[in-house]
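Scroll down for the structure; my scribbles are underneath it.
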Amino acid sequence: MNIQSIKLHQFRNYSHIEIPFPKSIIVIYGKNGQGKTNLLEALYLGSIGKSYRGIGDSDLIQWQQEEGSCILQFVRSDAVQEIKIILSKERKKEIWINGTKSSQKELVGTLNEVLFSPDDLLLIKGSPSLRRRFMDMEISQVNPAYYRMLLQYNRAISQRNLLLRQMKYERPMSLEEWDRQISAFAASIVEKRLEALHKMNLLASIIHRRLSGGTEKLCISYVQPYGESPAAEAGRTDPQWYYELLQRHLPRDIQRMATSVGPHRDDLMFTAGGGDLKRFGSQGQQRTAVLALKLSELEFVKSETGEYPVLLLDDVMSELDSSRRQALLQFVRNRIQTFITTTEPLLFESVTEYYPICIDAGTVISSG
């Protein structure tokens with residue numbers, strides 16, 4: 001899988017530009033604030049239909065313009081395909097896949113991309129929401145049905161939380177319908193997460209062993225806030241188990257006006273050499289584990305789809321030391337189309353067969 005070209009019109013600081021790309025390592029360089037990350041943001045927009053930086057659709061449109069667009073041509077399974085996204089400040093955005101108007105749910109899984117940004121270096125020591133998002137996006141890339149189920153689950157949780165607030169301040173009411181829905185979704189979501197985690201554990205462990213010189217074994221565990229017991233282990237994929245948990249936690253949920261049971265509360269734990277990396281790992285150990293995790297994500301997508309995804313590296317190379325940079329470049333060279341943004345092009349002087357693109361004020365100054 002590789003992106004052949006991108007065409008931007010009134011997108012962020014790009015007035016109108018079309019850029020062709022080879023299937024290689026592409027280094028996008030320039031000073032800060034010139035549009036490097038904006039270009040990467042546009043590339044990722046074709047994967048999930050929204051900004052990975054949490055920016056609203058209207059803010060992606062160039063200043064003082066009413067509309068903007070992003071068109072990506074890419075190759076998947078030896079066939080050229082196209083994604084077109086039209087952004088508007090007045091209307092809902094439009095998504096077109098190969099000339100057919102589509103929804104955002106239909107877009108996910110069409111163009112597979114893996115993003116590695118400085119925020120990902122906080123994956124281990126950061127909040128549980130980062131780790132849940134990592135797992136959910138990884139599975140959604142290869143299983144669009146999972147993404148749709150996750151959206152339905154989140155809507156059900158929002159509705160239940162709304163009723164919990166009413167129950168606290170107004171009157172008692174039945175949550176039976178929502179509890180049954182949430183229980184069924186929760187069991188299915190966790191089942192898919194556990195299946196993916198099993199594969200990811202195998203891949204990440206092998207890659208981590210190479211990166212660490214075989215000195216430590218990386219292990220990723222699925223953690224739920226209900227205690228560890230044989231019953232809990234068996235109940236993870238049982239809707240009735242979640243339903244009973246919801247009933248037991250109801251008094252506390254009413255007081256807190258939030259649902260405390262379900263995969264939106266779960267977490268991942270990383271251990272190496274038997275120790276919890278979040279609590280006891282050095283920064284070097286944590287970064288090695290994160291790098292192994294991101295590389296395993298590439299292998300996971302390939303194992304599920306038959307093709308490597310496109311890799312986007314947003315200013316992450318300067319955050320890695322020389323050995324980790326070399327390990328990452330060695331992994332992707334000649335097999336994965338990789339886009340790298342940087343303010344330090346000299347980091348890549350020793351790299352052979354890469355394609356440089358210089359960006360200045362939303363314009364390509366030089367390429368190739």
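The values are calculated or read from the model by the stated rules, or taken from the named source; none is laboratory data. Keep in mind that this is a model prediction, so the values were computed, not measured. Cβ placement follows ideal geometry from the backbone for every residue including glycine, while neighbour counts extend to all protein chains displayed.
Output the number of residues of segment 58-102 satisfying the condition of being touching a residue at least 24 places away in the same chain (Cβ under 8 Å) and of a type in the set (Gly, Ala, Ser).
Qualifying residue count, segment 58-102: 5.
So how many residues does segment 160-206 have that are more than 17 Å from residue 132 (Cα to Cα), of a type outside the set (Gly, Ala, Ser) and assigned to a helix (DSSP H, G or I)?
20
Checking the conditions here, which among 240, 286, 255 is of a type in the set (S, T, N, Q) and buried (at least 19 other Cβ atoms within 10 Å of the Cβ)? Before you say what the answer is, go through the steps one by one.
On the way: 240 fails: buried (at least 19 other Cβ atoms within 10 Å of the Cβ); 255 fails: buried (at least 19 other Cβ atoms within 10 Å of the Cβ).
Within the list 240, 286, 255, the selection yields 286.
Criterion first (free of Cβ contacts under 8 Å to residues at least 40 places away in the same chain, over 25 Å from residue 199 (Cα atoms) and not in a loop (DSSP other than H, G, I, E, B)) does residue 323 satisfy it? If you could, list the steps in order and put the result at the bottom.
Numbers: free of Cβ contacts under 8 Å to residues at least 40 places away in the same chain: yes; over 25 Å from residue 199 (Cα atoms): yes; not in a loop (DSSP other than H, G, I, E, B): yes.
Spelling it out, residue 323 is indeed free of Cβ contacts under 8 Å to residues at least 40 places away in the same chain, over 25 Å from residue 199 (Cα atoms) and not in a loop (DSSP other than H, G, I, E, B).
What number of residues in segment 111-142 are among the polar types (S, T, N, Q), within 30 Å of residue 100 (Cα to Cα) and surrounded by fewer than 19 Cβ atoms within 10 Å (Cβ to Cβ)?
Quick first cut of segment 111-142, residues among the polar types (S, T, N, Q) only: 112, 117, 127, 129, 140-141.
Still in the running and within 30 Å of residue 100 (Cα to Cα): 112, 140-141.
With the extra rule that they be surrounded by fewer than 19 Cβ atoms within 10 Å (Cβ to Cβ), the set shrinks to none.
The number of residues fulfilling the criteria is 0.
What residue, of 111, 164, is closer than 27 Å to residue 65 by Cβ and at pLDDT 95 or above? Let's see the steps before the verdict.
Working: 164 fails: closer than 27 Å to residue 65 by Cβ.
Testing whether each residue is closer than 27 Å to residue 65 by Cβ and at pLDDT 95 or above leaves just 111.
Of 47, 51, which residue is among the small types (Gly, Ala, Ser) and either out of contact with any helix residue (DSSP H, G or I) (no Cβ under 7 Å at 6 or more places or on another chain) or buried (at least 21 other Cβ atoms within 10 Å of the Cβ) (or both)? Reasoning before the result, please.
On the way: 51 fails: either out of contact with any helix residue (DSSP H, G or I) (no Cβ under 7 Å at 6 or more places or on another chain) or buried (at least 21 other Cβ atoms within 10 Å of the Cβ) (or both).
Step by step, each of 47, 51 is checked, and only 47 is among the small types (Gly, Ala, Ser) and either out of contact with any helix residue (DSSP H, G or I) (no Cβ under 7 Å at 6 or more places or on another chain) or buried (at least 21 other Cβ atoms within 10 Å of the Cβ) (or both).
Only residues that are surrounded by 12 or more Cβ atoms within 10 Å (Cβ to Cβ) and either in a loop (DSSP other than H, G, I, E, B) or modelled with pLDDT of 95 or more (or both): list them for segment 89-105, please.
Answer for segment 89-105, where residues must be surrounded by 12 or more Cβ atoms within 10 Å (Cβ to Cβ) and either in a loop (DSSP other than H, G, I, E, B) or modelled with pLDDT of 95 or more (or both): 89, 93, 94, 95, 96, 97, 98, 102.
Are any residues in segment 77-88 among the small types (Gly, Ala, Ser), in a strand (DSSP E or B) and exposed (fewer than 15 other Cβ atoms within 10 Å of the Cβ), and if so, which ones? Steps first, answer last, please.
Taking segment 77-88 first, the residues among the small types (Gly, Ala, Ser) are 77, 79, 88.
In the following step, the residues that additionally are in a strand (DSSP E or B) were identified as 79, 88.
Once the filter is applied, which keeps residues that are among the small types (Gly, Ala, Ser), in a strand (DSSP E or B) and exposed (fewer than 15 other Cβ atoms within 10 Å of the Cβ), segment 77-88 yields only 79.
Identify all residues within segment 89-103 that are over 16 Å from residue 42 (Cβ atoms) and either in contact with an Asp or Glu (Cβ under 6 Å, 6 or more places away or on another chain) or not charged (D, E, K, R) (or both); write none if there are none.
89, 97, 98, 99, 100, 102, 103
Taking segment 341-353 as the search range and keeping residues that are farther than 16 Å from residue 39 by Cβ and surrounded by fewer than 17 Cβ atoms within 10 Å (Cβ to Cβ), which one is modelled with the highest pLDDT? Talk me through it step by step, then tell me what you get.
The first filter runs over segment 341-353 and keeps only residues farther than 16 Å from residue 39 by Cβ, leaving 344, 346-353.
Checking the rest, the ones that are also surrounded by fewer than 17 Cβ atoms within 10 Å (Cβ to Cβ) come to 344, 346, 349-353.
Numbers: 344: 89, 346: 84, 349: 78, 350: 75, 351: 77, 352: 74, 353: 80.
Among them, the one singled out is 344.
Report every pair of residues separated by at least 6 positions or lying on different chains whose Cβ atoms are under 8 Å apart, first residue within segment 126-138 and within 18 Å of residue 111 (Cα to Cα), second among the small types (Gly, Ala, Ser).
What qualifies is 135/196; 138/196.
In segment 266-295, which residue that is charged (D, E, K, R) and touching a residue at least 60 places away in the same chain (Cβ under 8 Å) is farthest from residue 131 (Cα to Cα)?
Step one: filter segment 266-295 for residues charged (D, E, K, R), giving 266-267, 276, 278-279, 287, 294.
Narrowing further to those that are touching a residue at least 60 places away in the same chain (Cβ under 8 Å): 266-267, 278, 287, 294.
Details: 266: 9, 267: 7, 278: 12, 287: 14, 294: 12 Å.
Of everything passing the filter in segment 266-295, 287 is farthest from residue 131 (Cα to Cα).
For segment 220-239, indicate whether the set of residues that are within 26 Å of the chain's Cα centre (by Cα), of a type in the set (A, V, I, L, M) and assigned to a helix (DSSP H, G or I) is non-empty. Step through it out loud before you land on a result.
Let us first name the residues in segment 220-239 that are within 26 Å of the chain's Cα centre (by Cα), namely 220-225, 236-237.
Keeping just the survivors that are of a type in the set (A, V, I, L, M) gives 220, 223.
Okay, now just the ones that are also assigned to a helix (DSSP H, G or I), so none.
Among the residues of segment 220-239, not one is within 26 Å of the chain's Cα centre (by Cα), of a type in the set (A, V, I, L, M) and assigned to a helix (DSSP H, G or I), which makes the answer no.
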